[in-house]
Amino acid sequence: MEKKIIPQLTDLIATKEVFWANPNYAQQTVPGEKVIDAEARLKRFAPYIASVFPETKEANGIIESPLVKINHMKRYLENTYNTVIEGRLLLKCDSHLPISGSIKARGGIYEVLKYAESIAIEHKLLKETEDYAKLNDGTFRSLFSQYSIAVGSTGNLGLSIGIISRMLDFQVTVHMSQDAKQWKKDKLTSLGAIVKEYADDYSKAVEAGRQEAEQNANCHFIDDENSEDLFYGYATAALRLEQQLKEQGIVVDSDHPLFVYLPCGVGGGPGGITYGLKLIFGEAVHCFFAEPTHSPCMVLGLMTGKFDQISVQDVGIDNRTEADGLAVGRASKLVCEKMNDLLSGSYTIEDKRLFHLLKAMAETENYYLEPSALAGAYGPIQLSQTPEGQEYLKNHHLEDKMAQAIHIIWATGGSMVPKDMMDEYLTK
Ligand SMILES: *Cc1c(COP(=O)(O)O)cnc(C)c1O
């Protein structure tokens, strides 16, 4: 086979910051049935969610996060990087999603609800047309307590799955990688989840979860690397974003391009959201993934075309990052396949810069985010300042439309970080 020349690969392996435009990017029609099915299921569950998680009452049990202007942060970025960010800059605050305070409150909670629904329907205790608030009754709780859920996680997925599983009374085991934060493990244990720790990285934790589940027919394994349910649960974010943009009078079309910058770990969260956005906005939306320079598994998989058949360790990268939600050495196969021609591109960011941006976001906008959640904040800079970013804009005839552009930084976690931990982040 002819060897592909990939200019950014050397820099990527040297853990330098890179910006990569996806040469396979092309406009595709995206089937929407599964996204619409997921949204309908979340609506059925809304009365249950509203009744057991009071913080969702105001939104009638829909788990959603604000979309806000961040003009002070925009000025900070422009001054710091000596550039102008044309168009509007917005922050999507999944960091403040109800229930578990991260992007995982979308996919993770969705998959557990879907599992619960299937068990209840199978036992002829529930119909789709009924009020799901009854799922909090003793009959259902004792039924669910005979089933268990297993998941491997770097932290936030385990937290989301643990919280919703315990609320329904499922038994739940969370297999945690070594980089998972102690406060997340403590929180899970306090809820009655079983936490198992692994000295190795996240892929090993996932493997352990998979094996445990295989030995038990009443155990559902939530597979962060391959789950379609997670993926389509995440994708529903796009339907809500469309609504929020409308409410704010923000138009997205070919003359008003939308740029979205999404922190990427194994890929399910940002991949699902990209899929949903492509379904809604088609060619008008341009999605970019952001990964730490020491854990760039998705961009490595996509740029080499090897998808999940290559890990960052294979090319000598250590997968050590303070951005624990992104500390993944091997990307999801499912997501690589789906993103191969939907994703506009990717870039990497140094940990040091994540901490600068974290502090700036706190000081300028009063949003306290975890390090992973800041990876998106560098996107507008890289798009306008790197030669590859400029070429992307030129190739897609976007240069003269940037004054009407909308940039969304997807903030993926942070509101549940304990204060002492956050204080530590702020001084790094
Ligand atoms: C999990 C996570 C991500 C990325 O989601 P993946 O599905 O792993 O790609 C980003 N930010 C935070 C805070 C996360 O917990």
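The values are calculated or read from the model by the stated rules, or taken from the named source; none is laboratory data. Keep in mind that what you see is a predicted model, and the values were worked out from it rather than measured. Quick note on the areas: whole protein, heavy atoms, side chains included, nothing else; ligands and nucleic acids left out. Shrake-Rupley method; radii C 1.70, N 1.55, O 1.52, S 1.80 Å.
Numerical summary
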{"read-out": "Linear extension gain, residue 52 paired with residue 207, 0.36 nm per residue minus alpha-carbon span", "value": "52.6 nm"}
{"read-out": "Along each principal axis, Cα extent of the stretch 340-412, largest first, Å", "value": "36, 27, 21"}
{"read-out": "The stretch 276-428, relative contact order [Cα under 8 Å, separation at least 6], %", "value": "23 percent"}
{"read-out": "For the stretch 103-227: Kirkwood Rh in Å [reciprocal of mean 1/r, alpha carbons]", "value": "14.5 Å"}
{"read-out": "Taking N as its residue count, the alpha carbon Rg of the stretch 1-62 over 2.2 N^0.38 Å", "value": "2.09"}
{"read-out": "Descending Cα extents along the principal axes, the chain, whole Å", "value": "60, 48, 47"}
{"read-out": "Percent of Cα-Cα distances greater than 22 Å, calculated over the stretch 187-262", "value": "51 percent"}
{"read-out": "Value at 222 nm in deg cm²/dmol, rounded to 500, when DSSP H runs of n ≥ 4 in the chain each add -39,500 (n - 2.57)", "value": "-13000 deg cm²/dmol"}
{"read-out": "Of all accessible heavy-atom area on the chain, the percent that carbon and sulfur account for (1.4 Å)", "value": "48 percent"}
{"read-out": "Between helix 104-122 and the chain: long-axis angle, C-alpha atoms, 0 to 90°, nearest 10", "value": "30 degrees"}
{"read-out": "Theoretical gain in end-to-end length, residue 400 to residue 183 [0.36 nm per residue, Cα-Cα removed]", "value": "73.4 nm"}
{"read-out": "Computed lengthening from residue 128 to residue 142, 0.36 nm per intervening residue step minus Cα-Cα distance", "value": "3.0 nm"}
{"read-out": "The stretch 157-210, Rg to Rh (Cα coordinates; Rh as Kirkwood inverse mean 1/r)", "value": "0.95"}
{"read-out": "Directionally averaged shadow of the stretch 15-104, computed from the convex hull of its alpha-carbon atoms, nm²", "value": "9.8 nm²"}
{"read-out": "Per-selection metrics, the stretch 224-283 (Cα): Rg and Dmax in Å", "value": "12.2, 37"}
{"read-out": "Whole-number D in µm² s⁻¹ for the stretch 53-153, Kirkwood Cα-pair radius fed into Stokes-Einstein, 20 °C, 1.002 mPa s", "value": "126 µm²/s"}
{"read-out": "Probe 1.4 Å, accessible area per residue of the chain, Å²", "value": "39 Å²"}
{"read-out": "Phi-based couplings in Hz for the stretch 404-419 (Karplus 6.51, -1.76, 1.60; Gly and Pro marked x)", "value": "9, 6, 10, 10, 10, 8, 8, 7, 9, x, x, 5, 9, 5, x, 4"}
{"read-out": "Cα-based equivalent ellipsoid of the stretch 224-343: semi-axis lengths in Å, sorted from largest, via gyration tensor", "value": "27, 13, 13"}
{"read-out": "P(r), alpha carbons of the stretch 310-355 - 5 Å bins starting at zero, rounded %", "value": "5, 17, 21, 26, 21, 10, 1"}
